[in-house]
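The values are calculated or read from the model by the stated rules, or taken from the named source; none is laboratory data. Just so we're clear, the structure is a prediction, and the values are computed from it rather than from any experiment. We place every Cβ from the backbone using ideal geometry, glycine too, and count neighbours over all the protein chains shown.
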Amino acid sequence: MKIRLGMLVVGIFVGGVAMAKSTDTNKDGNFSREELLAASYEKAEKKFKKADVNGDGRVTMDEIKGKKLTVAKGADQNKDGMITWDEYKAHSAQGVDKRLAKKDTNGDGMLSKEERSRKKKS
């Protein structure tokens, strides 16, 4: 029996998590999309594996029920009631792209230290 996922596990949403200096792999002081994705996927993979209790490469609501895991709507792209690693990665990439669109004020496709620390104006 398939259980429809209303909420599902998501590895990392970069906009809500402070990224480590280790994200800047080429040490240029900026975080490129590729660097952000690599950091996001690394953390997402750990959380995905933890949530995938039976190791079948898919996460169902039964596997995350009652656990303290980060959850978000929308990662189950095909709406089959489970999330695969590919869906999980795609959702994580969307978070990176949203953060870049929001924070990359000079449009160079990277986040400088200043852009990363800039607070949202109210």
Problem - Inter-residue pairs, beta-carbon under 6 Å, first free of Cβ contacts under 8 Å to residues at least 60 places away in the same chain and in the range 78-101, second buried (at least 17 other Cβ atoms within 10 Å of the Cβ) and not in a helix (DSSP H, G or I), 6+ apart - result: THR84/ARG58; GLU87/ALA75
Handout entry: Subset of the range 79-89 (residues that are part of a helix (DSSP H, G or I) and surrounded by 15 or more Cβ atoms within 10 Å (Cβ to Cβ))
Key = TRP85, GLU87, TYR88, LYS89
Practice task
Any residue in the range 41-60 that's within 14 Å of ALA90 (Cβ to Cβ): show its pairings with residues that are in a helix (DSSP H, G or I) and of a type in the set (S, T, N, Q) at Cβ separation under 9 Å, as long as the two are six or more apart or on different chains.
Solution key: TYR41/SER92; ALA44/SER92
Problem - Residues (modelled with pLDDT of 85 or more, assigned to a loop (DSSP other than H, G, I, E, B) and either polar (S, T, N, Q) or over 21 Å from LEU100 (Cβ atoms) (or both)) located in the range 27-75 - result: ASN30, ASP52, VAL53, ASN54, GLY55, ASP56, GLY57
Handout entry: Those residues of the range 90-122 which are polar (S, T, N, Q), surrounded by 13 or more Cβ atoms within 10 Å (Cβ to Cβ) and modelled with pLDDT under 90, in sequence order
Key = SER92
